[in-house]
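Where a number appears in this text, it was derived from the coordinates with a stated rule and is not lab data. Quick caveat, the model's predicted, so the values are computed rather than measured. Neighbour counts run over all protein chains shown; Cβ positions are idealised from the backbone, glycine included.
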Amino acid sequence: MEATFNRRHLLGIRELEAGEIVHLLDTAESFREVSRRDIKKVPALRGRTVINLFFESSTRTRTSFEIAAKRLSADAINISVSTSSVTKGETLLDTARNLEAMAPDCIVIRHSSAGAPQHLARMTNAPIINAGDGSHEHPTQALLDALTIREHKERIEGLKVAIVGDILHSRVARSNIYLLTKLGAHVSVGGPGTLVPDEFAELVESGLHIEKHFEDAIEGADVVMILRIQRERQDAAFFPSMREYAVHYGLQPRHLERAAPDAIVMHPGPMNRGVEISSEIADGSRSLILDQVTNGVAVRMAVLYLLAGGSHAEHEE
Amino acid sequence: MKLLIANGYVIDPAQNLNTGGRSLLIENGRIAGLLERGEPVPEHTHVIDATGLIVAPGFIDMHTHLREPGQEYKETIATGASAAVAGGWTSICAMPNTDPVNDNPAVTRFIIDQGKAAQLANVFPIGAVTKSSQGKELAEMGEMKNAGIVAVSDDGRSVPSSSMMRRAMEYARGFDLTIVDHCQDQSLSAGGVMHEGRWSLILGLRGMPAAAEDVDVVRDCVLAKLTKAKVHIAHVSTRGALEAVRRAKHDGLHITCEVTPHHWTLTDEAVSEYDTNTKMSPPLRSREHVDAVLEAMKDGTIDAIATDHAPHHLDEKALEFDQAPFGITGLETAVGLAFDLVHAGLIDLERVVQMCSTNPARIFGLTDRGSLRQNAHADVTLLDPNLEWVFDVSRSKSKSRNTPFHNRAMHGAAVATIVGGRLVYLHPDYTRINQPKQKVQISSFSLRA
């Protein structure tokens, strides 16, 4: 079966087939080389317009999408909108319709409300890329994580991946759980009971283990993904203090001793150093945190290329 | 003026009546009696030919949000009443969460007057339990009762303080008022926008656990035992809540409950596309709970079907899922969805009539309603169990369009609605049953196969 990606939008990983994911990763791999050139630009999206519509603060993801678009020669426009006073301002729908009236070839959206990209996809015509919606999904993050794992482990199938920390509020965890289990990895999740609900086991049909004890999730792991404590999504106390969290759930060198000897460590950023991750680990030899960022550009180039008018879209029109 | 509803199949659980070939005679807005087969049609009588139709005591919706006063852009009492009669409801009980809240006799009288002016369904206001439904001080239940309320409720929220709820129960007893409680422990459900479970995790939406409803229903049952008050649990939706109600009834407490059509028709999976017309409180539950609701409809634990008709403007529902308001419309879809259960063989039509008319009248103490016995108010709902139709929200009589049931195929409908002896709604395809000067023989009746 020829692997392709023929979707109009990238809203999440959950609905994707394994073949589509592999195709996205392969495409990203081919774009990685562009960023290593002296002149980091290809004409793939010349004359196309990409709008980055960010309703939630972001440095890494927004910059990454902007660089990706520019390296493909697209015109990238960044719009940051505050959602602090939803009722006072223009609705999401009106904002999107106004932008659409300017004929963009793609809208990249980040929003604090889960489902906002679906909402846009239903109501507008432009291809929509989800750059993170509430606690729902962050598909390009999962893709760049997978690309990083593949780069260092040469496979995903059969690997043991531990995802630890605030699972409940994490869109990164959800997208990664879908992607990694679809590609045949075994995923264990761990963290405080308040942030790791048992019902997560029902998220996918197989390949996911919920561990009651944090250390058990890391046992024998080939990959350890640490999630950020999302203070902005917690309006109630899910654990007693940052101090206690750091002691019991912050990743320390002693935890890594239980992982596989060549285990790699990843974090989607931005890090709370000394809380969920110690600096020794973040800056240590096993940390691939900056590789993730590099791969983020390649993944976003691939996604933009496939959705905003790369090869197949041209035939479509 | 006399009106004869001829040759229908009469179902009136209050009289244990379930029979064809009778004709219902109405005089001066009251039921004059049932004519036997072969009896002559009295002179000067307008006849509605109900051949092939079910004749039931008028349906009473115990739970309607009419939005007037204060939010007339969503619904007015007149538009709500118009949607009600189009859905077969002859009476609607207006929840007090208007602006201002119906917590005093002036608002109560206003609602009654607007209802009368609309000349469609009977509008019975429900008063607030506490002032502004804030849960702090008791509202003027006695004064509102004198003005015409039929029950009290702080619907939209529960009464958070158990001691306040206890006082309210003790106080309401003195006026023979039933307390209707929207059971939801707010500390457990805070911030939630859908049922907590597999789907809320998948969608990344904050969940409201079933436990939030369970805890509050159990509390109300305990307090009802303490106070001997009459408590009606609004829109039950969880297995745990139904178990608590079942036990309370077994123990002889004055506990009753209602269910909405959406809670037996849809599960939380319906939220999967983030359609804000699947957002309501209590939320659509998982299969396990929906099955419990169906069981409880069958075994009699559930007393009533209520719509929880909650109109919201299109603009409000066009927001992101977590920003949109809770609630859907329901007056025009409830009867069709109830017929689903009849055709599936889950409950019989008599049970539907009991839950839509007999029991609501009894629970709220609506004198001379909920039955077709002689001298009762002539509120009658005519049903065609065989009508196949598709609900088209663009033709809704409500001002609002927030329903998950647009384009849903239905089997069975209310086709004519009579309030106080006046035909206030006739389905456009049934004008033939209301021809003036028609000659009708009172004949035997047979249900179409």
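Would you mind checking which residues have amide H under 5 Å from B:His63's amide H? H placed 1.01 Å from N; only 5 or more apart, or other chain.
Excluding prolines and chain starts, which carry no amide H, the hits are B:Cys93, B:Thr307, B:Asp308.
Give me the percent relative contact order of chain A, please, defined on Cα pairs under 8 angstrom at least 6 residues apart. Can you show the working numbers first?
Values: 626 pairs, mean separation 64.7, N = 317.
For chain A, the relative contact order is 20 percent.
With θ set to phi - 60° and the Karplus curve 6.51 cos²θ - 1.76 cosθ + 1.60, what are the ³J(HN,Hα) couplings of segment B:63-74 in order, to the nearest whole Hz, using x for Gly and Pro?
Values per residue, Gly and Pro as x: 8, 10, 9, 9, 6, 10, x, x, 10, 5, 6, 8 Hz.
Cα gyration tensor of segment A:121-191, axes a ≥ b ≥ c as square roots of the eigenvalues: rounded (a/c below 1.5), prolate (a/b > b/c) or oblate? Before the final figure, lay out the partial values.
Details: a/c = 2.66, a/b = 1.51, b/c = 1.76.
Since a/c reaches 1.5 but b/c is at least a/b, the shape of segment A:121-191 is classed as oblate.
Apply 1/(1 + (r/R0)^6) to the Cβ-Cβ distance of A:His209 and A:Glu15, taking R0 = 22 Å, and write down the FRET efficiency to the nearest 0.05. Mind showing how you got there, number by number?
On the way: r = 23 Å, r/R0 = 1.06.
Plugging the Cβ-Cβ distance into 1/(1 + (r/R0)^6) gives 0.40.
Between segment B:245-305 and segment B:1-80, how many Å separate their Cα centres?
28 Å
Give the lysines reachable from A:Lys70 as a straight Cα distance under 22 Å; neighbours fewer than 8 places away on the same chain don't count.
A:Lys40, A:Lys41
Residues with amide H under 5 Å of A:Ala76's amide H, sequence separation 5 or more or different chain, H placed in the peptide plane at 1.01 Å from N; which?
Residues meeting the criterion, in which the H sits 1.01 Å from N, are A:Val50.
Quote to one decimal, in nm, the extra length available between A:Asp283 and A:Glu219 on full extension: 0.36 nm per residue of separation minus the C-alpha distance between them. List each step's numbers first, then the result.
On the way: separation 64, 0.36 × 64 = 23.04 nm, distance 2.16 nm.
Gain on extension, A:Asp283 to A:Glu219, equals 20.9 nm.
Straight-line reach only, C-alpha to C-alpha below 17 angstrom: list the lysines that B:Lys225 could link to, leaving out same-chain residues fewer than 8 apart.
The reachable lysines, counting only those whose Cα sits under 17 Å from B:Lys225, are B:Lys249.
Fewest Cβ neighbours within 10 Å first, please rank A:Arg32, A:Arg110 accordingly. Walk me through the numbers on the way to the answer.
Values: A:Arg32 17, A:Arg110 24.
With the sparsest Cβ surroundings first, the list reads A:Arg32, A:Arg110.
Determine ³J(HN,Hα), in whole Hz, for all residues of segment B:90-102 in sequence, where each value follows from phi through the Karplus function 6.51 cos²θ - 1.76 cosθ + 1.60 and θ = phi - 60°; x replaces Gly and Pro.
My calculation for segment B:90-102 gives 8, 9, 10, 9, 8, 5, x, 7, 8, 10, x, 5, 6 Hz in order.
Let a ≥ b ≥ c be the square roots of the eigenvalues of the Cα gyration tensor of the protein assembly as shown; is it rounded (a/c under 1.5), or, if not, prolate (a/b larger than b/c) or oblate?
prolate
For B:Ile328, which sequence-distant residues (separation of 5 or more, or a different chain) have an amide H within less than 5 Å of its own amide H, given hydrogens modelled in the peptide plane?
B:Ala310
Under the definition of partner shielding as Cβ atoms of other protein chains within 10 Å of a residue Cβ, what is the mean value for peptide A:115-125? Numbers along the way, then the final one.
Working: counts 13, 6, 1, 7, 9, 1, 0, 3, 1, 0, 0.
Per-residue shielding by partner chains comes out at 4.
Please give every one of the lysines within straight-line cross-link reach of B:Lys116, meaning a C-alpha to C-alpha distance under 29 Å, and leave out same-chain neighbours fewer than 8 residues apart.
Within the straight-line cut-off, B:Lys116 pairs with B:Lys2, B:Lys74, B:Lys131, B:Lys145, B:Lys230, B:Lys397, B:Lys399.
Pairs of alpha-carbon atoms within less than 8 angstrom and 6+ residues apart define the contacts here; what relative contact order does chain B have, in percent?
Values: 1140 pairs, mean separation 99.1, N = 449.
Averaging sequence separation for qualifying contacts and normalising by length gives 22 percent for chain B.
Fewest to most neighbouring Cβ within 10 Å: what's the order for B:Lys74, B:Lys225?
On the way: B:Lys74 25, B:Lys225 16.
Fewest to most other Cβ atoms nearby, the residues stand as B:Lys225, B:Lys74.
Rank-order A:168-176, B:14-22 by packing density, defined as the average count of other C-beta atoms within 10 Å over each peptide's residues, highest first. Walk me through the intermediate numbers first.
On the way: A:168-176: 26.3, B:14-22: 16.2.
Put in order of decreasing packing, that is A:168-176, B:14-22.
Shape verdict for chain A, please, from the Cα gyration tensor: rounded (a/c under 1.5), prolate (a/b greater than b/c) or oblate. List each step's numbers first, then the result.
Values: a/c = 1.81, a/b = 1.40, b/c = 1.29.
The shape class here is prolate.
Order these by the 10 Å Cβ neighbour count, fewest first: B:Arg206, A:Arg71, B:Arg432. Don't skip to the answer; put the middle values down first.
Values: B:Arg206 21, A:Arg71 24, B:Arg432 9.
Going from sparsest to densest Cβ surroundings: B:Arg432, B:Arg206, A:Arg71.
Which length gain, in nm to one decimal place, applies between B:Phe175 and B:Thr19 when the Cα-Cα distance is subtracted from 0.36 nm times their residue separation? Before the final figure, lay out each step's value.
Numbers: separation 156, 0.36 × 156 = 56.16 nm, distance 3.77 nm.
So the extension gain works out to 52.4 nm.
When only C-alpha pairs under 8 Å and at least 6 residues apart count, what is the relative contact order of segment A:139-288, in percent?
Working: 277 pairs, mean separation 35.1, N = 150.
Computed over segment A:139-288, the figure is 23 percent.
Which value, in debye to the nearest 20, describes the size of the charge dipole of the protein assembly as shown about its Cα centre when Lys and Arg Cβ atoms bear +1, Asp and Glu Cβ atoms bear -1, and nothing else is charged? Walk me through the numbers on the way to the answer.
Working: 79 positive and 97 negative charges, 219 e Å.
Magnitude of the dipole: close to 1060 debye.
Which ³J(HN,Hα) values, rounded to whole Hz and listed in residue order, are derived for segment A:121-127 from phi using the Karplus coefficients 6.51, -1.76 and 1.60 in 6.51 cos²θ - 1.76 cosθ + 1.60 with θ = phi - 60°, glycine and proline given as x?
Values per residue, Gly and Pro as x: 4, 6, 9, 10, 9, 5, x Hz.
About its Cα centre, how strong a charge dipole does chain B have in debye, to the nearest 20, once Lys and Arg get +1 and Asp and Glu get -1 at the Cβ?
Values: 44 positive and 54 negative charges, 183 e Å.
The calculated dipole for chain B is roughly 880 debye.
Rg (Å, one decimal) plus Dmax (Å, integer) for the alpha carbons of segment A:139-288?
13.9, 41
Taking the Cα centre of segment A:139-288 as origin, work out the dipole magnitude from +1 charges on Lys and Arg Cβ and -1 charges on Asp and Glu Cβ, in debye rounded to 20. The partial results should precede the final answer.
Details: 16 positive and 22 negative charges, 63 e Å.
For this selection, approximately 300 debye.
Charges on Cβ only, +1 for Lys and Arg, -1 for Asp and Glu, centred on the Cα centroid of chain B; of B:Val293, B:Gly33, B:Cys183, which one is farthest towards the dipole's positive end?
Ranked along the dipole, the leading option is B:Gly33.
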